[in-house]
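Working notes for the structure below.
Bear in mind that the values in this text are calculations on the coordinates, not laboratory data. Quick caveat: nothing in here was measured; it's all calculated off a predicted structure. Cβ placement follows ideal geometry from the backbone for every residue including glycine, while neighbour counts extend to all protein chains displayed.
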Amino acid sequence: MEDSKTRKVGAAYDSTSGRYVGRPFRRVDGRDKVTGVTRFADDLDFPRLCHLRLVRSRIPHGRITSIDFTQAQRVEGFLGSLVGSAMPETFGILPVSQDEHALCLERVRFVGDPVAAVAATSEDAAYEAALRVEVDYEPLPTIASVEEALSNPEPRIHDYGSEGNIHKSVSLRFGNLGGGFDEADMILEDHFFYEGNNHLALEQHATVAVPEDVDRITVYSSTQTPHYLHRALTRVLGLAASRIRVIACPNGGGFGGKSDPFNHEIVAAKMALELGRPTKITLDREEVFYCHRGRHPVSMKIRTGFSKDGAITAQHLQTALDGGAYGSYGVASTYYTGALQTVTYSLPRYQFDGVRCFTNKPPCGPKRGHGTPQPRFGFEVHLDKAAERLGLDPADLRLAHLATAGQVTANWLRLGTIALQRCIEAVVDGSGWRQRRGKLPQGRGLGLACGAYMCGAGLPIYWNHLPQSAVQLKLDRSGGIALFCGETEIGQGSDSVLAALVADVLGVDLKDIRLCVADTDLTPVDLGSYSSRVTLMAGKAALQAATRARDLIATAVAERLETAPENLVFANRQVFDSSDPENGLSFEDAVITAEARFGTLGTVGSYIPPRSPGKYRGAGVGPSPTYSYSAAVIEVEVDPSSGIYRPVHVWLAHDIGRAINPTLVLGQIEGSVYMGLGEAMMEEQAFRRLPRHLSNALVHKMPSMLEYKSPTFLEMPEVTSYLIEDPDPEGPHGAKEVGQGPLLPVPPALANAIYDAVGVRIDQVPIQPHMILQALMAKDKGEEARFGPAGFPQVDFGKTLLVPTPDEGGDGRATNDSKKKRSSKMRGDTGTMSERTEALKRKDGALTTK
Amino acid sequence: MLRLPRFHFHIPDSTREAASILAAEGPDARLVAGGTDLWPNMKRRHQKPATVVSLMSIRDLQGIDLAEPSAEARIGATTLLGDLVRSSALRERFPALARAISSISSPPLRQMGTLGGNICLDTRCTYYNQTEDWRRAIDYCMKEDGSVCWVAPSSSRCWAHAASDSAPILAALGARVRLQSAEGERVLALTELYRDDGIDYLAKRPDEIVTDVLLPGASDSQTCQSSFWKLRRRGSIDFAVLSVAAAVWTDGKGIVSDARIFLGAVGSRPVPVAGATEILRGRSLTEDGIAEVAGLARQLATPMDNTDFKAQWRGLMTARYAEAALREIAGLETQIPPPHHSLQP
């Protein structure tokens, strides 16, 4: 095979011998970020820049009857206005939920829904003008919760979705559930609630749109997904994609909150085209809470059968998501509240029912852990209760029933490596769990929980067979390397990871690599910085491109040095013969040699994830090349007289596969602990309804950074992190994700620790002091020592799809589904998946597919 | 971002000049010192003054005079909170006041905010401290442009709460304030500066300038011990959802001669725990007396659902914190962990 040589040469350098990979190197954008040199979207300025502000709905639900700009136009500096009819085309992140308008056409669906836009020569003038736009509405009844959505099918917030105000319902049964419960020695049933919360990225969303020559526009934005924004702009503006250039600026934090195409991005582009002037908008903090797309509030019911030794015989999970006013990623979020239950412990039979409802509140979407922290919270607290009932140590219960590496789960996910055992052992040892748990003084306790997350979603958001990530390298006689990739730096360090991977293959310095990222005109498509996909997918693409460049150079240099290409070492900006190190060239001369031999040098690499064995409807959510695992122990101090508590120490171990840069991994772990504690302790995207007889209002309770409570560093406990390395063949150098996974065990570990400290169960987050106090008072009265939801909403989840498990000899399909899932042989614009896979294999089987 | 409306800005360099501008402009003029309260409020269009008069260039309004323990202490109204936090004399002479001030907001804001600004702080409410757009969405409230108090819709008054951290402890310590206007000056007990109303919360006329805060000198026969406990969500930044300020005077034998306790954030003014003196006076500070005063404090507090945390729980915590503050003064162990503000400056 032609590529065997490629693989061999590549393999020699796919090792730990690089200068950067595996070592704590300084991130490529670090110095610029700490010295204020980095230009975020709001830092951009252009001649004749004008400022945009959106006028947002002041009522939660209703019809627009009139919009009057008369007073606004009188503001000095006023330049122009837009209303919904200027952009009638819908958009939305998912093809199945194209339910947003850049500006509301005639309906408004929540307080904060954008209805009009004004532009002016200064930010002051735009702000003043926006306040003076008069909008009249005809109000409609409002829906504030899942329960209200279920009991009020009319008026519908949207005229699509499952029915009434149910956006999506799903019911999937994997295997003989009843048989599983029959086998159980103990059946445990619990109700949980996880409140919604916002990403609270420090950088508010900002966009600058710059019109260029005829019918071309460049849109700079703080977005995690420039490619999807590009598609939405194309659709709504009615311009060819080639006329629109999207550049994602470095994000000052994203966490999923900048993964949707947003109204303000599209309106800024439209306004810029209308006025022929660069147009900027930077949202204020309140508007960020209205864009939202944060964690869904989820009610949960979990029923699990256990055998005496703690093995799970069956589980039935039901979730109800409060989706807010638009679809966003909600269909995926709904599936995600069920999809990853199966990947941590052996779970042979499983049913998942989920429902997402529309409500008159800002839309929920993906936030770090997308849809999985809620059921993970329920599951891990549920397991803590089961262990107690069964008389088992919660750590032992988990250790005894871990999922198996490489297995296909009951819901047809293929697992990769699993280092969860080592993770649990690390935090158990580190925290002194065995010696200290249950033996600490009253008011102090230890809690343990685990979690798992995907390393990139197996499928893109819209149906296609194209690479999900790609890298181009350009080398020339300067000796420098230009790296082009559509990936977006959102603070996670993706630029640094790509540069390091390439630098190590070619034996050069990070400074020799010029990065050009997230620019739809210049860089090959990467789907975006979401689903923890960049290190794995763009990383594999980068390795492929770099290996190909290395091979070209090696071929040319070997000829010149009269040695074999596989004898060449690329290190220290030199290319030399390993058996005769004196025989070599500088990297610059090596590139010149290759350019002379082959002409202009450029290589590409791309990545498509392996196919998932699941074929049932809904099987597209959950598959990933591999999964990361985490375990946490939290020590907490609780004052029983007030319910005030304080996490004292967090031990968190993460199965990273292989750390490309351990410092970045530590940062992600500590950041996840911080964010997880915020959600567990205080963060709430909460709403207020005024007395119904006096007012129709339904407003965000506290859309400000002061009153939306998120921990400061004073609340942050000591964190001990463990990087557990067990390289996974699917990842670049064996690396897995770390951006999201470590958040998952934190909320349940806290709840479990509080139980250990004072003996009360708090089955919802955030855990507020009054909840603990109330549960303690109930306990004193001999009542149930618990605070949490009493039940689960009455939901009809619709027809249950029956999917036999791999153990039952299933083929990955539902046995009772009349609707055909899209076949892998179906021909789309980009060919069939099989054709695409074959094509990639022909070119280079080394790094793209199995 | 939120933008300020347009206004005329004056920077006088004497109190007399400032007073004459106020007298000339009438109620359309506002004073500003550090601006940490006024500017955000103006950005949200709570106040739309045509004229703003800065006090920050008036030298006479700055300064701390605490040197002589037996003499009346004076703190200039525009003294930075940060300077007070750093004053070792303040920490020694009025430790509870130093603790209260060190709990105000965050270090950068204390470097802008002033003591005078803090005692004149606008009352707060989650239905009020919102942007113009948000308030339009609830059709405003009684405190501004509306007719209903959404915290208590059947109420005829506004229930916005007093949020100053310095006011309750200054009140407990018996502070007075000097006010100056074009017509002259007057000195008020700090407690007289406040009204029990969320809207009209200051007894000061709009043309009057708070120039100094005066604190009584130490007496030979009486020892004053004080304490300040502040409840809030986080260890910094947050306003109080409850504070308890207590000052207890005892003679050489430890017999209480006077006790003054004020509650913050559970009423529209610093709420005096009236009757505490009667309970505690004439005997030493014991657990029984403390528990009785704590019960009284809870009765007098009116925590409303207009800030962070459940109102009911804040009521419960009023008793616990009052107890803790007094136990700290009595040298007894406090049963609940000290709040975050115990992080010393």
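Structural remarks
- Its alpha carbons considered, region A:70-163 gives a radius of gyration followed by a Dmax of 16.5, 49 Å.
- Peptide B:236-242 has a mean shielding of 2, counted as Cβ atoms of other protein chains within 10 Å of each residue's Cβ.
- Shape descriptor for region A:488-539: Rg over Rh equals 0.96 (Cα atoms; Rh from the Kirkwood inverse mean 1/r).
- Diffusion coefficient of region A:629-702 by Stokes-Einstein, Kirkwood radius over Cα pairs, 25 °C, 0.890 mPa s: 155 µm²/s.
- Note on the protein assembly as shown: Cα Rg divided by 2.2 N^0.38 Å, N the number of residues, gives 0.99.
- Every helix of 4 or more DSSP H residues in chain B counts as -39500 (n - 2.57), and over all residues that averages to -7500 deg cm²/dmol at 222 nm.
- Relative contact order %, region B:223-342, counting alpha carbon pairs below 8 Å whose residues are six or more apart: 27
- Per-pair calculated FRET efficiency, R0 = 56 Å: B:Glu17 and A:Asp521 via Cβ, rounded to 0.05: 0.40
- Other-chain or far-sequence residues with amide H under 5 Å of B:Ser105's (modelled H): B:Ile237
- Calculated over region A:326-456, the projected area of the Cα convex hull averaged across directions stands at 10.2 nm².
- Gyration tensor (alpha-carbon) shape descriptor, chain B, a/c threshold 1.5: oblate
- Along each principal axis, taking the top coordinate minus the bottom one, the Cα set of region B:223-342 gives 43, 26, 21 Å in descending order.
- When each of the peptides A:218-225, B:274-281 is scored by how many other beta carbons lie within 10 Å of its residues on average, the order from highest to lowest is A:218-225, B:274-281.
- Value of Rg/Rh across region A:450-500 [Cα atoms, Kirkwood radius]: 1.08
- With contacts taken as Cα pairs under 8 Å and at least 6 residues apart, chain A reaches a relative contact order of 16 percent.
- Cβ neighbours within 10 Å from other chains - mean over A:285-297: 1
- Rg over Rh for region B:98-241 works out to 1.01, both radii taken from alpha-carbon positions and Rh defined as the Kirkwood radius.
- Inter-centroid distance (Cα atoms) of region A:420-496 relative to region A:640-683, Å: 13
- Beta bridges per DSSP with both ends in the protein assembly as shown, % antiparallel, nearest 5: 75
- Hydrophobic long helices, here whole DSSP H runs in chain A with Kyte-Doolittle means of at least 0.0 and Cα atoms spread over 24 Å or more along the helix axis, are found at A:539-561, A:662-681.
- The calculated FRET efficiency for A:Glu274 paired with B:Glu192, based on their beta-carbon distance and R0 = 56 Å, is about 0.40.
- For region B:167-275, alpha-carbon Rg over 2.2 N^0.38 Å: 1.20
- Overall, the anisotropy analysis places region A:23-63 in the oblate class: the square-rooted eigenvalues a ≥ b ≥ c of its C-alpha gyration tensor yield a/c not less than 1.5, with a/b not exceeding b/c.
- Kirkwood-Stokes translational diffusion coefficient of region A:407-537, alpha-carbon pairs, 10 °C, 1.306 mPa s, µm²/s: 86
- Length available on full extension from A:Glu134 to A:Thr35: 0.36 nm per residue minus the Cα-Cα distance, which gives 31.3 nm.
- Note on A:Ser578 and A:Ala240: the extension gain reaches 116.5 nm, defined as 0.36 nm multiplied by sequence separation minus the Cα-Cα distance.
- Principal semi-axes in Å for region A:158-272 [√(5λ), Cα gyration tensor, largest first]: 44, 19, 13
- In region A:234-335, one over the average inverse separation of all distinct C-alpha pairs is 17.6 Å, which is the Kirkwood hydrodynamic radius.
- Packing-based order for A:402-410, A:550-558, using average beta carbon neighbours within 10 Å, highest first: A:550-558, A:402-410
- Per-residue Cβ neighbour rank within 10 angstrom, fewest leading, B:Asp220, A:Asp29, B:Asp197, A:Asp756: B:Asp220, B:Asp197, A:Asp29, A:Asp756
- Here the peptides B:169-182, B:59-72 are ranked by packing, the mean other Cβ count within 10 Å, and the order with the highest first is B:169-182, B:59-72.
- Ranking of B:His8, A:His654 by neighbouring Cβ atoms within 10 Å, starting from the fewest: B:His8, A:His654.
- On the beta carbon distance between A:Glu388 and A:Ala564, with R0 = 41 Å, the FRET formula returns roughly 0.05.
- Seen through its C-alpha gyration tensor, with square-root eigenvalues sorted a ≥ b ≥ c, region A:82-121 comes out prolate because a/c lies at 1.5 or above while a/b is bigger than b/c.
- Shielding value for B:125-133 is 5, the average number of Cβ atoms from other chains within 10 Å of each residue's Cβ.
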